[in-house]
1. Suppose R0 equals 22 Å. What FRET efficiency, 1/(1 + (r/R0)^6) with r the Cβ-Cβ distance, do B:ASP138 and B:PHE183 give to the nearest 0.05?
2. Test of understanding: ordering A:MET1, A:MET6 by Cβ neighbours within 10 Å, fewest first, what list do you get?
3. Looking at the square roots a ≥ b ≥ c of the eigenvalues of the Cα gyration tensor of segment A:3-74, which shape do they give, rounded for a/c under 1.5, prolate if a/b is larger than b/c, or oblate?
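A short reminder: the numbers here are calculations on the coordinates, not readings from a lab. Computed from a prediction, not measured in an experiment: that's the story for all the values here. Cβ coordinates were reconstructed from backbone atoms using ideal geometry, including for glycine residues, and neighbour counts include every protein chain displayed.
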Amino acid sequence: MNCAEMIRLLEQFVDRELSSTEAFEVQAHLDNCPCCVDIFHFETAMRRLVRRACSESAPPSLRDRILSGLHTESDP
Amino acid sequence: MRNNPNGAALTASDEPLPGPVSGFGFSDGEALEHLDALYRTALRLTRNPADAEDLVQETYLRAFRFRDRFAANSNLRAWLFKILSNAAISRFRHTSHESADTSLDDMPEADLYSRAVADGGLEMSAEDELLSAVLDVDVRRALEELPEPFRLAVVLSDVEGFSYKEIADMLDVPLGTVMSRLFRGRRILRRWLAEEARPALTRPGGTAA
């Protein structure tokens, strides 16, 4: 596997969507290519950034609103 | 339809409800365990708290209305997200003219990465540097600027961790469409991040020192 092939499969690799054979090939390439390791780190950092940025909790009032809406709906 | 409770719940709103069936349904508490996840996804889709709350409430109302059709051994979280996605998409159709046909330039992925990684001055330790250099509020803004179909795919995959197959089932689109939306959405984010990270990392007094 060359760098271009690694990049083509990288997202699916990070998403754990590759077959075990393909994942093994990507991993083997990463073990021997520092450039691609940087790219891999950039890709995983981006996922972590997105996850961290999207970690809000619902306001407590929303839970109450949902439950009261539910009871209004189920009591004809 | 009764054999496919996941699909039926979203398409058969005028049908009379079936009676309670053993092996179907969920408790209020089980459904509400997913409130925070649904809310943050709704926030990304609507871009404001009031609309996000309305969207989540609508999602739960629909879910509770059709709870007898939910097979108890299937994935409640995915089912709730499917309802949320459908509710959101029908809202977007009414209120937005956003199109997925955003033109993307032809820069090869490898060049984009080399810009981000090499030109951005990122090295092996880049992951932590990047994480401390970029603000959550800016990431949220970048996400919210993605065209809606890309944004939804990215949030469902990167934030909520659904598989391509789960997302395809949720959105009723082929697997290839999910991958294409996901990759195009991430590509826009990657370009943004490459441009965002460089000044952040080289700013005087920044975290790169």
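1. 0.50
2. Listed from fewest to most nearby Cβ atoms, that is A:MET1, A:MET6.
3. In terms of gyration-tensor shape, prolate.
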